[in-house]
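S.K.: After the structure tokens below, expect a handful of questions from me.
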Amino acid sequence: RKKEKVTLEMKKEIIRKHDGGMRVTDLAREYGRNPSTIGTILKMREKILATDAAKGVTRIVKNRPAVLEEVEKLLLIWIEEKQRAGDTVTEAVICEKAKALHADLIREQPGTSAEPEVFKASRGWFDRFKARSGIHSVVRHGEAASSDVPAAEDFALEFLEVVKTEGYVPQQVFNCDETGLFWKRMPKRTFITQEEAKLPGHKPMKDRLTLLFCANASGDLKIKPLLVYHSENPRAFKKHKVDKERLSVMWRSNSKAWVTRVLFVDWVNLAFGPAVKQYLLDNDLPLKALLLMDNAPAHPKGLEVDLLEEFSFINIMFLPPNTTPLLQPMDQQVIANFKKLYTKELFRRCFEVTDCTTITLREFWKDHFDIVTCLKMITTAWKGISQRNLNCAWRSLWPDCVAPSDSDAPESTVVQDIVAFGRTMGLEVTEEDVCELVEEHDHELTTQELVELQSEVAQEQKWNEVQAFAERHHPDKHVAHDQANIFDTTVMSPLRELLKRRMKQQTMDRFLSKKQR
């Protein structure tokens, strides 16, 4: 088997583990290298740790422009996001994105001239970038998107072999996946959307949250979803006296409403692990489980290390890049059907309010439709995903686990129901409008969002390293995990908020100083 390239990230990891007390011989065995190679890495300790480069780079080139380093860091994050979404990423597409990122970053630099520096993103640059970063799943211009199919077929065989060897049954195999939700959005042609588009300032229809869904292959166990919002305590929570511990979702927050590594690990240990363990015990099934997921940035490769000891029976398996549309069960009409059911519930509530009260649709939308209402609708929509739908979603990957049935599309009338509700309320809505709305929930990250995501990931990685070190070496893993969570909540969260306020103040100071000149 071909050895994995020694990336900069891997070198830093080796150094950290050695600093933590791991011997050279153990490191050589873990990484499949000669002890002399490990020794050489350790000798270059200072130089390696001082190097800041894009995640995944294998070689560092001296005297490269800082902006180009930044472009490649953001580009790798963007490629990961595109591949996770199942999009085929070609050389031509990457080069165009690189040029766009470079132009955006140059434009944002202070004192930039009217004619910014031109970055050509040539074939030579692409080949060097590919060699530096080690990316291997990018296709050349002209290659068919079906090049993902062989990888999917190979993985399906590997997955079935694991299932057979380990003796897993459908009740023990799970899949999870995240999705964005613009929770207060209507189809484009409705008057609600058109009126809001004309308003200045914050637009509620752009308010986004992220949900993580998970269920087993038999479809009879849905795990409590993780919900990440940009506010920890929205005003509506106080108004409705919401107890977050009693919600039907695991409520978490950060500034961009993203699922981060820390939040994902938290969900696995606090929601997924306990629910799966209790389910297996209640059904007299062997205490073992397999969690299948994609290579999202929030899904750590070494997740098993972060599991609490009582959940060591859980094994992890990752889907290859560019195969999620073909294989990932949650992408086989589970998440899409959830969004249709959510939209149906939204239209149903609008109809109910306007039909049974004196409140107009405008008034309901502006004054009565808040995040608490949204949570109730999420609960209803997730409950509406049938066991049959969840089970059928595994047909591409594990056809033998799908139970025979006369009907495969119980949700087929949902879109028609949405259109009917809309027309009853006098809204101009078609089936195409509804399908377009469902697809709009996933959007491509802007350059600014990529920069912020990179910053979030870097901060999380530093804190994760400290947390992982403490949990690895502390005599009581449970105590270390609990204390780390307390520290994250009571110390790190306020510091993050303080940093945000300082950044805002610096921006205001710069603005005022410019005005005074």
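S.K.: I need the full set of residues from segment 254-267 which are open to solvent by 10 Å² or more (accessible area, probe 1.4 Å) and aromatic (Phe, Trp, Tyr), in order please. Spell out how you get there, then give the answer.
M.R.: If we filter segment 254-267 for residues that are open to solvent by 10 Å² or more (accessible area, probe 1.4 Å), which is where we start, we get 254-256, 258-263, 265-266.
Answer for segment 254-267, where residues must be open to solvent by 10 Å² or more (accessible area, probe 1.4 Å) and aromatic (Phe, Trp, Tyr): just Trp258.
S.K.: When you scan segment 283-301, do you find a residue that is surrounded by 15 or more Cβ atoms within 10 Å (Cβ to Cβ), touching a strand residue (DSSP E or B) at 6+ places or on another chain (Cβ under 9 Å) and assigned to a helix (DSSP H, G or I), even just one?
M.R.: No, segment 283-301 has no match at all.
S.K.: Related question: Can you name every residue in segment 216-240 that is basic (Lys, Arg) and either under 19 Å from the mean Cα position of the chain (by Cα) or modelled with pLDDT of 95 or more (or both)?
M.R.: Correct list: Lys222, Lys224.
S.K.: Could you tell me whether segment 377-398 includes any residue that is open to solvent by 10 Å² or more (accessible area, probe 1.4 Å), at pLDDT below 95 and among the aromatic types (Phe, Trp, Tyr)?
M.R.: no
S.K.: Could you tell me whether Val262 is outside any loop (DSSP other than H, G, I, E, B) and closer than 17 Å to Phe313 by Cβ? Let's see the steps before the verdict.
M.R.: Numbers: outside any loop (DSSP other than H, G, I, E, B): yes; closer than 17 Å to Phe313 by Cβ: no.
Judged against the criteria, Val262 is not a match.
S.K.: While we're here: Taking Ile316 and the conditions (1) in a helix (DSSP H, G or I); (2) open to solvent by less than 50 Å² (accessible area, probe 1.4 Å), which numbered condition does it fall short on, given that it satisfies the others?
M.R.: (1)
S.K.: For Lys340, state whether it is of a type in the set (D, E, K, R), within 19 Å of Leu209 (Cβ to Cβ) and surrounded by 15 or more Cβ atoms within 10 Å (Cβ to Cβ).
M.R.: yes
S.K.: If Thr165 satisfies all but one of (1) at negative phi; (2) at pLDDT 95 or above; (3) under 24 Å from the mean Cα position of the chain (by Cα), what's the number of the condition it fails?
M.R.: Failed condition: (3).
S.K.: Next question, about the same structure. Out of (1) open to solvent by less than 20 Å² (accessible area, probe 1.4 Å); (2) under 12 Å from Leu226 (Cβ atoms), what's the single condition that is false for Leu270?
M.R.: Among (1) open to solvent by less than 20 Å² (accessible area, probe 1.4 Å); (2) under 12 Å from Leu226 (Cβ atoms), Leu270 violates only (1).
The values are calculated or read from the model by the stated rules, or taken from the named source; none is laboratory data. The shown structure was predicted, so the numbers you read here are calculated from the model rather than taken from an experiment. FYI the Cβ positions are ideal-geometry reconstructions off the backbone, even for glycines, and counts take in every protein chain you see. Just so you know, the surface numbers come from the protein's heavy atoms only, side chains and all, with ligands and any DNA or RNA stripped out. Shrake-Rupley method; radii C 1.70, N 1.55, O 1.52, S 1.80 Å.
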